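The values are calculated or read from the model by the stated rules, or taken from the named source; none is laboratory data. Note that the structure is predicted; figures quoted are calculated from it, not measured. Every residue, glycine among them, receives a Cβ derived from its backbone with ideal geometry; neighbour counts consider all protein chains shown.
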């Protein structure tokens, strides 16, 4: 279960990272956009590293045991099954 939650948090943190450049494009003042970008930065870092900590050794085992072209499918299988594929 921790593997699934960890991988989901890593993906969520990556998506939040992609939202940071959109903060200045909103119709808000510069101070509000800077504040929003700061909050998004903190949320992205906490979710990403929290996910890495939860996924931990299981995800690392999957990464190390698969070639890079097969890695997305192996990580998806680990997420779907809740255990490593090694």
Count, please, the residues in region 59-86 that happen to be buried (at least 18 other Cβ atoms within 10 Å of the Cβ), at pLDDT below 85 and farther than 29 Å from residue 20 by Cβ. 1
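Here is a check on your reading of the model: is residue 56 out of contact with any helix residue (DSSP H, G or I) (no Cβ under 6 Å at 6 or more places or on another chain) and in a helix (DSSP H, G or I)? Break it down stepwise before answering.
Working: out of contact with any helix residue (DSSP H, G or I) (no Cβ under 6 Å at 6 or more places or on another chain): yes; in a helix (DSSP H, G or I): yes.
Against the criterion (out of contact with any helix residue (DSSP H, G or I) (no Cβ under 6 Å at 6 or more places or on another chain) and in a helix (DSSP H, G or I)), residue 56 qualifies.
Does residue 20 qualify as being assigned to a helix (DSSP H, G or I), more than 13 Å from the chain's Cα centre (by Cα) and either touching a residue at least 12 places away in the same chain (Cβ under 8 Å) or surrounded by 14 or more Cβ atoms within 10 Å (Cβ to Cβ) (or both)?
Yes; evaluated as a whole, the condition is true for this residue.
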